[in-house]
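Q: This is the structure, below, for whatever I ask next.
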Amino acid sequence: MIMELMFFSEDYKEWLKELKARILSCQLKAAATVNTELLRLYWDIGRMIVEKQDVSKWGAKLIEQLASDLKIAFPDMKGFSRTNLYYIQKFYRFYNQRDIIVQQPVGQFEDLSIDIAPEIVGNNSQVTENKDIKLVQQLVGLIPWGHHIVIFQNIINPSEALFYLKETITNNWSRSVLQMQIESNLFARQGKAITNFNLTLPKPQSDLANQLLKDPYNFSFLTLESDVQELDLERQLVKNITRFLLELGKGFAYMGRQYPLQVGIKEYRLDLLFYHVRLKCYVVIELKAKEFEPEFIGKLNFYLSALDSQVKVPDDGPTIGMLLCKTKDNLSVEFALRDVNKPIGVSEFTFSELPKKIQRAMPTVEELERELFKDETNE
């Protein structure tokens with residue numbers, strides 16, 4: 001009886017929790033080691049295939065014959081099909097490009113449990129050969145084989161491939177999410193918003209904030225009328241908050257919509273309020289389902305001042321404003337931000353429009369109001 005009671009004690013529960021964590025840690029390290037060894041094997045096989053095809057001139061038939069022979073020699077091993085051997089060959093050719101990694105990206109892996117250096121994560125520029133070779137080697141080994149197939153099947157540009165490698169590791173993307181981010185052309189959108197962060201935020205916060213914002217934001221998970229109203233757009237984004245947070249990127253925590261702010265005798269409401277855990281600051285998102293107008297900046301600047309005064313605590317960084325418009329003229333945005341002392345970024349957004357035939361069949365606001373009024377008078 002005493003022994004049975006012991007298993008319900010807090011000491012036992014804590015000890016069991018620690019033991020489970022140790023087992024899980026070991027499993028994760030073992031999985032990482034297996035992935036590294038698999039990629040090292042695939043790298044060597046790819047190199048040997050390419051050498052025989054390019055140097056010994058054994059031709060395209062080599063892979064078909066090799067697939068047949070390896071299947072006989074290793075009947076219980078997967079990964080030696082004709083299709084996968086073609087992928088292995090492409091894997092070697094792709095990552096052996098001088099612009100990505102000068103020499104053997106998988107052959108010199110070190111301990112994969114070490115942290116990725118800060119300068120490699122979130123940096124969208126071309127890596128330099130001498131400084132970043134080791135880091136790139138680590139990156140290649142930190143994602144599964146299936147993710148690599150998605151990358152080299154869809155991407156040609158070496159710096160773009162490196163970008164998706166880093167983002168996959170940083171955000172722990174599944175293969176389907178990686179595919180979706182490539183299809184939405186995240187590489188071309190990331191860090192492209194017009195901002196005044198370099199003038200209003202200290203480094204390195206300004207660099208990180210600039211890198212976080214995209215232009216345009218892709219709301220293709222929403223299907224809306226072309227003349228959608230801002231309140232409806234806001235509701236739909238919150239209704240699809242998981243997809244919205246994925247599009248915003250890692251670190252955004254949703255705080256609420258129509259967030260109230262009392263200034264003097266008047267109450268104001270923010271469209272959307274978030275907190276960013278890496279920047280350690282509040283982020284206000286204002287939605288404008290129309291072309292950018294300079295006066296939008298003044299109102300958002302007012303909201304940021306009120307939040308900094310009423311909500312932000314001393315440990316928080318300066319509140320950041322994000323203005324998302326249907327369209328914008330970049331020069332107008334730059335002039336509007338020129339003398340603003342609060343950190344603000346401006347981007348466009350896109351969404352999937354309802355087909356015209358369906359839009360015409362949808363009742364207007366006035367028609368809905370008439371029907372509602374009719375129901376009320378009939379009661």
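Q: Considering only the stretch 152-175, state which residues are under 12 Å from the mean Cα position of the chain (by Cα) and either farther than 30 Å from TYR86 by Cβ or in a helix (DSSP H, G or I) (or both).
A: First, the residues of the stretch 152-175 that are under 12 Å from the mean Cα position of the chain (by Cα): 163-174.
Hits for the stretch 152-175 are PHE163, TYR164, LEU165, LYS166, GLU167, THR168, ILE169, THR170, ASN171.
Q: Right, something else. Tell me which residues, restricted to the stretch 174-185, are of a type in the set (A, V, I, L, M, F, W, C) and touching a residue at least 24 places away in the same chain (Cβ under 8 Å).
A: Of all residues in the stretch 174-185, those of a type in the set (A, V, I, L, M, F, W, C) come to 177-178, 180, 182.
Matches in the stretch 174-185: VAL177, LEU178, ILE182.
Q: Let me ask you something else. Given the condition aliphatic (A, V, I, L, M), surrounded by 20 or more Cβ atoms within 10 Å (Cβ to Cβ) and touching a Lys or Arg at 6+ places or on another chain (Cβ under 6 Å), answer yes or no: does some residue in the stretch 296-304 qualify? Let's see the steps before the verdict.
A: Of the stretch 296-304, the ones aliphatic (A, V, I, L, M) are 297, 300, 304.
If we keep only those that are surrounded by 20 or more Cβ atoms within 10 Å (Cβ to Cβ) as well, we get 297, 300, 304.
Among the residues that remain, those that are also touching a Lys or Arg at 6+ places or on another chain (Cβ under 6 Å) are: 304.
There is at least one residue in the stretch 296-304 that is aliphatic (A, V, I, L, M), surrounded by 20 or more Cβ atoms within 10 Å (Cβ to Cβ) and touching a Lys or Arg at 6+ places or on another chain (Cβ under 6 Å).
Q: Tally the residues that are of a type outside the set (Lys, Arg) and within 23 Å of GLN211 (Cβ to Cβ), restricting the search to the stretch 242-264.
A: Residues of the stretch 242-264 that are of a type outside the set (Lys, Arg), as a first pass: 242, 244-249, 251-256, 258-264.
From what is left, the residues that are within 23 Å of GLN211 (Cβ to Cβ) are 242, 244-249, 251-255.
Looking only at that region, the number is 12.
Q: Name every residue in the stretch 181-206 that is of a type in the set (D, E, K, R) and within 21 Å of the chain's Cα centre (by Cα), in order of residue number. So that I can check it myself, show each step before the final result.
A: Step one: filter the stretch 181-206 for residues of a type in the set (D, E, K, R), giving 183, 189, 192, 203.
Answer for the stretch 181-206, where residues must be of a type in the set (D, E, K, R) and within 21 Å of the chain's Cα centre (by Cα): GLU183, ARG189, LYS192.
Q: Determine which single condition GLU234 fails, assuming it passes every other condition in (1) under 28 Å from THR319 (Cα atoms); (2) crowded, with 20+ Cβ neighbours inside 10 Å.
A: With respect to (1) under 28 Å from THR319 (Cα atoms); (2) crowded, with 20+ Cβ neighbours inside 10 Å, GLU234 is out only on (2).
Q: Being out of contact with any helix residue (DSSP H, G or I) (no Cβ under 6 Å at 6 or more places or on another chain), at pLDDT below 95 and either loosely packed, with under 14 Cβ neighbours inside 10 Å or among the hydroxyl-bearing types (Ser, Thr, Tyr) (or both), is that true of even one residue in the stretch 319-326?
A: No, the stretch 319-326 contains no residue that is out of contact with any helix residue (DSSP H, G or I) (no Cβ under 6 Å at 6 or more places or on another chain), at pLDDT below 95 and either loosely packed, with under 14 Cβ neighbours inside 10 Å or among the hydroxyl-bearing types (Ser, Thr, Tyr) (or both).
Q: Does PHE91 satisfy the condition of being part of a loop (DSSP other than H, G, I, E, B), modelled with pLDDT of 70 or more, touching a helix residue (DSSP H, G or I) at 6+ places or on another chain (Cβ under 6 Å) and crowded, with 18+ Cβ neighbours inside 10 Å? It would help to see each step written out before you state the result.
A: Details: part of a loop (DSSP other than H, G, I, E, B): no; modelled with pLDDT of 70 or more: yes; touching a helix residue (DSSP H, G or I) at 6+ places or on another chain (Cβ under 6 Å): yes; crowded, with 18+ Cβ neighbours inside 10 Å: yes.
No; evaluated as a whole, the condition is false for this residue.
Q: Shifting gears a bit: Which is in the same structural domain as LEU273 (by TED's automatic domain parsing) and not in a loop (DSSP other than H, G, I, E, B), of LEU208, LEU178?
A: Working: LEU178 fails: in the same structural domain as LEU273 (by TED's automatic domain parsing).
Criteria check complete, one pass: LEU208.
Q: Might you check whether a residue that is at pLDDT 85 or above and part of a strand (DSSP E or B) occurs anywhere in the stretch 337-345?
A: So in the stretch 337-345, the residues at pLDDT 85 or above come out as 337-345.
Within this subset, residues satisfying the condition of being part of a strand (DSSP E or B) are 344-345.
Within the stretch 337-345, one or more residues are at pLDDT 85 or above and part of a strand (DSSP E or B).
Q: I would also like to ask the following. What tally of residues in the stretch 211-250 results from selecting those that are in contact (Cβ under 8 Å) with a residue 24 or more places away in the chain, polar (S, T, N, Q) and in a helix (DSSP H, G or I)?
A: Summing the residues that are in contact (Cβ under 8 Å) with a residue 24 or more places away in the chain, polar (S, T, N, Q) and in a helix (DSSP H, G or I) in the stretch 211-250 gives 1.
The values are calculated or read from the model by the stated rules, or taken from the named source; none is laboratory data. Quantities reported herein were computed from a predicted structural model and do not represent experimental measurements. Cβ coordinates were reconstructed from backbone atoms using ideal geometry, including for glycine residues, and neighbour counts include every protein chain displayed.
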